[in-house]
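The values are calculated or read from the model by the stated rules, or taken from the named source; none is laboratory data. The structure displayed is predicted, hence computed values, not measured ones. No Cβ is skipped: glycine too gets one built from the backbone with ideal geometry, and neighbour counts run over all protein chains shown. Ligands, DNA and RNA are excluded from the accessible area calculation, which covers all protein heavy atoms including side chains. Shrake-Rupley method; radii C 1.70, N 1.55, O 1.52, S 1.80 Å.
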Amino acid sequence: MRADRLLAILMLLQRRGRLTASDLAAELEVSTRTVLRDIDALSRSGVPVYTDRGRGGGICLIPGYRTDLTGLTLEEAKALLSSGAGRVDSPHFASAMRKVAAALPEPHRAEAHRASARILVRPDGFAWPSPPEPHLVELQRAVIDGRRVKVMYTSRSAPAAERTLDPIGLVCAGSQWYLVAQRGGVERTYRVSRIEELTVLDEPAVRAAQVDLEAAFLVHWNSFRNSLPKVVVSCLVRENGWDALSGKSLRVHHREDVANGWWRAELEFAEDAHAVRALWAAGPAAVALGPQRIRDELVARATETAARYNL
């Protein structure tokens, strides 16, 4: 881990010119003492880094010193910055992206960041199980390069049909990937796993130069959730489990104190599967009272789990 941190310090100093030990400590989420030890290690290894004392001082490299430790071309850096194939929401990925962005030549840095803005990773989403998505990598390149695509797409309510789309961005929400794209000038969201065939066309996508994927996704997500048939579940919830369970619901219709740290509540969920997942995750902190089909599904899950442990 220390070699990783030394590289990050070098890249940050190369990019920004001068930083205080406190700045570096905050950036790398370590103590100031650790940063000073790392600076000493860099200096002893031959890196021309030095510290200016006093007001306006800081840590910097000797003027003119630069190193390109990544060897990445602009296209390679764009691909890495926009990659969604791995755990892009992990701290290790974020650390790697900081180094890549810092190592890019100044003229390319803005372009690479514009490309990365076309990919959004969220911890939540529509929360379905994630099937294989064989077209994801090719679709990512089309999004980054701004190319129009032709897809064979199966929606929730219609059989597969051919559609020509102008990709705007890709969103990873929960365990699913979604394509935000325009079709005939109308912006929609498409689940990537529903794309059966994909052809990248030799035509530029018609789209705005700047995009706010977070805002666009939330609009479509909320619209989708509002279109689903809702289910209201009556349940008993422990006080210490209330925040977690109610936070997963769409709405709290009723809540009353029962006794001994338990509340009785009526919670609204987007669908049966949504309710079952939330109650299952709550474990012994919640007991479903109805509808009966929700109770039956929870009992089935508990029975299967017990069988796996030979109980």
Quickly run through the range 220-234 and pick out the residues that are surrounded by 13 or more Cβ atoms within 10 Å (Cβ to Cβ) and not aromatic (F, W, Y). H220, R225, L228, K230, V231, V232, V233, S234
For the range 27-36, enumerate the residues that are farther than 19 Å from I62 by Cβ, open to solvent by 40 Å² or more (accessible area, probe 1.4 Å), at pLDDT 85 or above and assigned to a helix (DSSP H, G or I). T32, R33
Inspect the range 235-252 for any residue being of a type outside the set (D, E), more than 30 Å from E297 (Cα to Cα), surrounded by 18 or more Cβ atoms within 10 Å (Cβ to Cβ) and at pLDDT below 90 and give the result as yes or no. no
Filter result for the condition that a residue is assigned to a helix (DSSP H, G or I), within 14 Å of W242 (Cβ to Cβ) and open to solvent by less than 40 Å² (accessible area, probe 1.4 Å), over A278, A306: A278
Taking the range 195-245 as the region of interest, how many residues are more than 23 Å from A173 (Cα to Cα), of a type in the set (S, T, N, Q) and part of a helix (DSSP H, G or I)? 1
In the range 149-160, which residues are open to solvent by less than 50 Å² (accessible area, probe 1.4 Å) and at pLDDT 90 or above? V149, V151, M152, Y153
What are the residues in the range 253-279 that are under 19 Å from A302 (Cβ atoms) and of a type in the set (D, E, K, R), if any? D272, R277
For the range 167-194, what are the residues that are open to solvent by less than 10 Å² (accessible area, probe 1.4 Å) and part of a strand (DSSP E or B)? P167, G169, L170, V171, A173, Q176, Y178, L179, V180, A181, Y190
Index of the failed condition, D296 passing every other in (1) more than 29 Å from F224 (Cα to Cα); (2) surrounded by fewer than 17 Cβ atoms within 10 Å (Cβ to Cβ): (1)
Quick check on this structure: which one of A300, A282, A275, A288 is without any contact (Cβ under 8 Å) to a residue 60 or more places away in the chain, over 29 Å from the mean Cα position of the chain (by Cα) and under 14 Å from V237 (Cα atoms)? A288
Mind checking whether some residue in the range 62-71 is open to solvent by less than 50 Å² (accessible area, probe 1.4 Å), modelled with pLDDT under 65 and not charged (D, E, K, R)? yes
In this structure, is V258 farther than 27 Å from I119 by Cα and of a type in the set (V, I, T)? yes
Would you check if E256 is loosely packed, with under 14 Cβ neighbours inside 10 Å, in contact (Cβ under 8 Å) with a residue 24 or more places away in the chain and among the acidic types (D, E)? no
